[in-house]
Amino acid sequence: MLTIQVVEPEVFVQTIHVKEPDLWEHFLHRASYVREIGTASCREPELALMCAVIQQNGGCTFLPTLQKLVWRNGIHSDTSLRLLVSSSLRSLELDVTTYSSLTTANGFEHTFAAPIIDQTYPATLFAGLTNAAPNLYRLVITGRQLSSSVVIPNLLGFERIRELSLFREVLVTPDALRSILTAMPALELLNVRLQDFTSPSGKVCSPSLRTLIIHGSARYITGLFTSFFDAPSLDSLSLYMEDEAYTVDHPRCLYVLSKTSFASSLRELQLRTITQQGSAPSSSLADTMEHLAGLRALEVVDLQLQDTWVRIDDDNMRAIARAWPRVQRLKLAYTPSNAFPPLTSLRYFAQYCPELRYLYVSKMSVPAILEEATPELEGSGAVIQSAGHPMRTLDMRMTFVGMGSYDVAGIARFLDGLFPNLELSAEGANGNAFAVMSGVWNRIEGEIRKLRAQKGLQG
């Protein structure tokens, strides 16, 4: 009969330390070389063993050179993280979501997120982090039960932080944002979700901030940019508008953005909206572009307009192409509707975007063979002088997915005429999933290869 003896972690570790000192020293030596831990999520037995090792090591971490840690703090009242890190730590991603388990009648264990009973626990955990990892420069915090009033005050001691991201329930009010920017003068990246920014008072400034990522309603974002926030060095901005219905605050938000002191220096912009049709009159994409067109220095633009009311036509595509003459990477994603811009609209990007190297468009209408598409395509491309256009990647996976009849040869002539430097997939390769499903893009690339081969022979 097999007998299993349960040994307490403290006894086990002490036994190794006393009876096998060489093994203990070997363990500490190997652990001292660990620089990064991708994801660490420990249950109570593992945590007990880890704490026993730290205790046996004189209360010091056994990972003295650890620089990056992703830690999921799922055990209520566990603060061992403070003992695990050291002054060597530079990057910490922390998820504080406590879990409980329930065993069903069938013997299956079901794990679920449980509320934090002792509200002093988060404060205890965060309060010690500033002393345990004083040289931290990147901090990401998320958690389903965290309170902003507990988390944010305990982060203000990280004076050297350069990148701060707060997710889920950690919401940032005007006073909290002011405290963060004041306490972290070297901050370069900030990722937060706004709360109660309807009419913030005063003004905050972050001279070192270069990247700002904002989640929240259009009304709150409008309040942020209306004479409250300034960042003279800002060059990258991401806005995630979280509204169920379209309101007048959406165009107003973009208008106040265009009037900020940093608008003219922005190099990257990401805008994401997900709304249904609201009670307010719908703003057209032309109205949106009227405000964004003032950001003339943009080089990277990512527009994710997942709105049910959006309709994009040829004129809209021309306005987008003319808005940013320095753009190098452009992504235009929108909810497919009954109205698509025509494929011939691509000519505007060849005309007005001389530095564009990457272009993604969700869906375009393509004339079929029965519609005698070839003359239209060839005629629209005839006026384009783009022999040296630098476009390398044209992503049209949504346009050519599924079945359909296309004038493949005409499309190939049109695209190669606009963008002669497009990179083609390796000949014979399956390519992306959409190309495998329909084969249309593979056929278009095949025709482009033929055209280029003919040009080579003629040259």
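What's the total number of residues in segment 29-79 that are under 23 Å from residue 124 (Cα atoms) and of a type in the set (Ser, Thr, Tyr)?
Number satisfying all stated conditions: 5.
Could you tell me whether any residue of segment 411-434 is modelled with pLDDT under 65, surrounded by 17 or more Cβ atoms within 10 Å (Cβ to Cβ) and not in a loop (DSSP other than H, G, I, E, B)?
Taking every residue of segment 411-434 in turn, at least one turns out to be modelled with pLDDT under 65, surrounded by 17 or more Cβ atoms within 10 Å (Cβ to Cβ) and not in a loop (DSSP other than H, G, I, E, B).
Across segment 24-43, what is the total count of residues that are surrounded by 11 or more Cβ atoms within 10 Å (Cβ to Cβ) and either at pLDDT below 90 or aliphatic (A, V, I, L, M) (or both)?
Here the count works out to 8.
Hey, can you tell me all the residues within segment 188-205 that are among the hydrophobic types (A, V, I, L, M, F, W, C) and in contact with a Leu (Cβ under 6 Å, 6 or more places away or on another chain)?
190, 192, 197, 204
Taking residue 142 as the residue in question, decide whether it is at pLDDT 85 or above, closer than 20 Å to residue 169 by Cβ and out of contact with any Pro (no Cβ under 7 Å at 6 or more places or on another chain).
Yes: the conditions hold for residue 142.
So residue 240 passes all but one of these: (1) touching a His at 6+ places or on another chain (Cβ under 6 Å); (2) in a helix (DSSP H, G or I). Which condition number does it fail?
It is condition (2) that residue 240 fails.
What is the number of the single condition among (1) of a type in the set (Gly, Ala, Ser); (2) touching a Lys or Arg at 6+ places or on another chain (Cβ under 9 Å); (3) modelled with pLDDT of 90 or more that residue 74 does not meet?
(3)
Here is a list of conditions, (1) modelled with pLDDT under 65; (2) more than 29 Å from the chain's Cα centre (by Cα); (3) assigned to a helix (DSSP H, G or I), and residue 448 meets all of them except one; can you say which number that is?
(1)
Filtering segment 313-333 down to residues that are in contact with a strand residue (DSSP E or B) (Cβ under 6 Å, 6 or more places away or on another chain) and aliphatic (A, V, I, L, M), which residue is surrounded by the fewest Cβ atoms within 10 Å (Cβ to Cβ)?
Looking at residues that are in contact with a strand residue (DSSP E or B) (Cβ under 6 Å, 6 or more places away or on another chain) and aliphatic (A, V, I, L, M), I get 333.
Looking only at segment 196-209, filter to residues that are buried (at least 17 other Cβ atoms within 10 Å of the Cβ) and assigned to a loop (DSSP other than H, G, I, E, B); which one of those is farthest from the chain's Cα centre (by Cα)?
Out of the qualifying residues, it is 200.
The values are calculated or read from the model by the stated rules, or taken from the named source; none is laboratory data. Here the structure is a predicted model, which is why all the values come from computation and not from measurement. Cβ atoms come from the backbone with ideal geometry, glycine included; neighbour counts cover every protein chain shown.
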